[in-house]
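The values are calculated or read from the model by the stated rules, or taken from the named source; none is laboratory data. If you're wondering where the values come from, they're calculated on a predicted model, not measured in any experiment. So basically every Cβ, Gly included, is an ideal-geometry build from the backbone, and we count neighbours across all protein chains shown. These accessible areas exclude ligands, DNA and RNA; they are computed on the full protein's heavy atoms, side chains included. Shrake-Rupley method; radii C 1.70, N 1.55, O 1.52, S 1.80 Å.
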Amino acid sequence: MHVKNFISGHYVDAVSGKYFDNINPATGQKIGNIVRSGPEDVEEAVKAAQIAFRDWSQMKPENRFKILHKISVLIMERDEDLALAETQDTGKPLSLSSNIEIPRAASNFRFFATAALQFASESHSMPGSINYTLRQAIGIVGCISPWNLPLYLFSWKIAPALAAGNCVIAKPSELSPSTAALLGEICKEAGLPDGVLNILQGYGSEVGDAIVRHSSIKAISFTGGTNTGKTISQIAGPMFKKISLELGGKNPCVVFDDCDYQKTLREVSRLSFSNQGQICLCGSRILVQAGIYDRFKNDLIQKAETIKIGDPMEDGTQFGSLISEDHLNKVMNFIDLAKKEGGICLTGGERKQMDGRCKNGYFLKPTIFEGLGPECRTNMEEIFGPVITLQKFETEAEAIHLANASDYGLAATLWTQDLSRAHRLASEINTGIVWINCWLNRDLRTPFGGVNQSGVGREGGWEAMRFFTEAKNVCIQFD
Ligand code: NDP
């Protein structure tokens, strides 16, 4: 597949004429080319968006709803193509792409299609006068997303931006370009006017940077690593752009003695190793109360060792490859670091050598460490792979202390049958999201985002619609 830019409703090469390789990480083989875009391509996309903005922002919500809803329907009609493209780009099991990611991309469009119909603004009356607030589209906005849940996260930004009446210039990761490219065709077929959504492919440091720097792009919605988020805010901040940053995490998972044991064991394994640990919401610091620590540890090791690692295309595969050779090396370096810091590797800790077509793929076994304190780098830095640590605690106060011993603050999970305790901890733990006796249970209306190094701003529901609009207050005196 030759992945091109989608500008003004057409697939085009980058102005530079350059391209680079797209690699399937499960096989290590090249599967296509990706155009290498830069500032000139951003300029073209901005011109297209400027032409499209007036009509799109003034379109009746009912018509905007119909187009966005149609995109959602077409995503599901093409779910097999999209799931295959996602798996070939990322090495994740096809079942994950088919059953979770592509349906979720469709539901993002469906959900925000209805938001276009229902979004309303406030009014405030005073004696003799009334204020009403307009919530107007910002104009042209930039949406930049990562490789771990490609179409799922891409659509999570684009759908509300479009629903609010903006034109969008969007960039997927260079490591997962294909479903974003296919989305262009789908939008065209759904009747999205040319120039409303422009999709640019290439390197973050080139085309991503050019999107952030362009003075006509008034807001940046970014999901990715904390360091990239810092770079983006250093550029966009002084330009007074609106910025939403969804960044990394080092999520605590707190397991109390009184948890529903079998459910907790199953879910902790899932929250540790789903998508090869490459979900920002995965737990990576597993805190277990002393009374069940040894039993839970042994059972979790057994669970990790029975996860079926395999060719992502095969039925029954639960665990595929990491995203790239570079990322595999980064995760392996963290495993070395954990050992140097005195960690005991309980299982995994090494590459998984595959046979057949995956023999050159970037596979790593699910890995569990213990014996590392909260202050060590392994417990402080985001690894973003299938590597977790176990820490033992005695009291609720100690659990809170360990859970909060992080510069990040994205999501926490609590596992207990004591509801009073669960509520106490939920208010004490410094994260944007707390799940109690569940994980990844998502209602798209709820605010989504983190605190501290995990980001600034919230996505989801009305939060996203507010981010992608400017409030303008109008005051009328009538006495
Ligand atoms: P990166 O920060 O490397 O990249 C994210 C996106 O930004 C990619 O499209 C990337 O392009 C682009 N980019 C890179 N450099 C720049 C730049 N200077 N200017 C503009 N854009 C740039 O993150 P990863 O793709 O490696 O994703 C993993 C990270 O994302 C993890 O830290 C994870 O926790 C976080 N994440 C957070 C989520 C949340 O909701 N909080 C959800 C999912 C992931 P390219 O790939 O081409 O370099």
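Per-residue ellipticity at 222 nm for the chain, helices alone: DSSP H runs ≥ 4 residues times -39500 (n - 2.57), over residue total, nearest 500 deg cm²/dmol? After summing the helix terms and dividing by residue count, I get -11500 deg cm²/dmol. The spacing between segment 5-80 and segment 318-341, judged by their C-alpha centroids, is 32 Å. For the residue pairs LYS30/LYS250; LYS157/LYS263; LYS70/LYS303; LYS92/LYS303; LYS157/LYS188; LYS241/LYS330, the alpha carbons lie more than 30 Å apart in LYS30/LYS250; LYS157/LYS263; LYS70/LYS303; LYS241/LYS330.
Farthest toward the positive end of the dipole of segment 56-136, out of ILE71, ASN131, ASN108, is the Cα of ASN131, where the dipole comes from beta carbon charges about the Cα centre.
Suppose a student asked you for the relative contact order of the chain, using Cα pairs under 8 Å spaced at least 6 residues apart; what percent would you report?
Numbers: 1102 pairs, mean separation 90.8, N = 479.
Over the chain, the number comes to 19 percent.
Ignoring ligands, DNA and RNA, what percent of the 1.4 Å accessible area of the chain is carbon and sulfur?
On the way: 9390 of 19140 Å².
Of the solvent-accessible surface of the chain, carbon and sulfur hold 49 percent.
Think of segment 251-436 as a dipole: +1 on every Lys or Arg Cβ, -1 on every Asp or Glu Cβ, centred on the Cα centre; then among ASN333, THR416, GLN353, GLN353 lies furthest on the positive end.
Tell me the per residue accessible area of segment 1-114 using a 1.4 Å probe; a whole number in Å² is fine. Before the final figure, lay out the partial values.
Values: 5100 Å² over 114 residues.
Per-residue value: 45 Å².
Here the chain is treated with +1 on each Lys and Arg Cβ and -1 on each Asp and Glu Cβ, and its dipole about the Cα centre works out to around 560 debye. Spread over its residues, the convex hull of the C-alpha atoms of the chain is 147 Å³ per residue. Inter-part distance, segment 229-270 to segment 355-403, computed on C-alpha centroids, equals 14 Å.
Measuring between their Cα centroids, segment 298-316 and segment 141-188 lie 31 Å from each other.
With Rh defined as the Kirkwood radius, the inverse of the mean 1/r over Cα pairs, the Rg/Rh of segment 54-194 is 1.07.
Using a probe of 1.4 angstrom and keeping all protein chains present, the accessible surface of segment 251-436 works out to 40 square angstrom per residue. For segment 251-436, report the % of Cα-Cα distances exceeding 21 Å. Beyond 21 Å sits 47 percent of the P(r) for segment 251-436.
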